[in-house]
């Protein structure tokens, strides 16, 4: 599937049809994101190092998703029915749904959460 370079040039029906075909292909694992050579599929933005608690990053050109990492901070957490101080941070994933299925994006965040909790 060729990326839509100028969506405004298409009728709504043609644009929606192309998006349906792209999403269907992405769900079957056959879509390949249009990226410049060397561009990452996943970009990372870490404003947490500046004390930003949570934010939503904008997907850069050529990438299909971006992970925004907020500041690590101490908060009250419940573990084994006990309240204690733990380190937490917010992760926000923005993804291009023309290429990335939302369920796969959620599973990606879930896997990161599992790894971080294991630390």
Quiz item: Gap in Å between the Cα centre of the stretch 65-94 and the Cα centre of the stretch 46-64?
Solution: 16 Å
Quiz item: At a Förster distance of 41 Å, what's the computed FRET efficiency of residue 11 paired with residue 107, Cβ-Cβ distance as r, to 0.05?
Solution: 0.75
Quiz item: In what sequence do 11, 63 fall when counting other Cβ within 10 Å, fewest first?
Solution: 11, 63
Quiz item: Using every alpha carbon pair in the stretch 42-119, what percent of pairs falls into each 10 Å bin from 0 up to the bin containing the largest distance?
Solution: 18, 43, 29, 9, 1
Quiz prompt | Spin-label model distance (nm) - residue 114 vs residue 44, 7 Å beyond Cα toward Cβ | solution = 1.9 nm
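Hey, with R₀ at 25 Å, roughly what FRET efficiency would residue 84 and residue 58 work out to, going by the Cβ-Cβ distance, to 0.05?
Values: r = 36 Å, r/R0 = 1.44.
Computed FRET efficiency for residue 84 and residue 58 comes out at 0.10.
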Quiz item: Taking 0.36 nm per residue of separation and subtracting the Cα-Cα distance, what length does fully extending residue 92 through residue 74 add?
Solution: 4.6 nm
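Taking the Cβ of each residue in 10, 119 as the centre, tally the other Cβ atoms inside 10 Å and list the residues starting with the fewest.
Listing 10, 119 from fewest to most nearby Cβ atoms yields 119, 10.
Values in this text are rule-based calculations from the coordinates and carry no lab data. From a predicted model like this one, the values you see are computed outputs, not experimental measurements. Cβ sites come from the backbone with ideal geometry, for glycine too, and all protein chains shown count toward neighbours.
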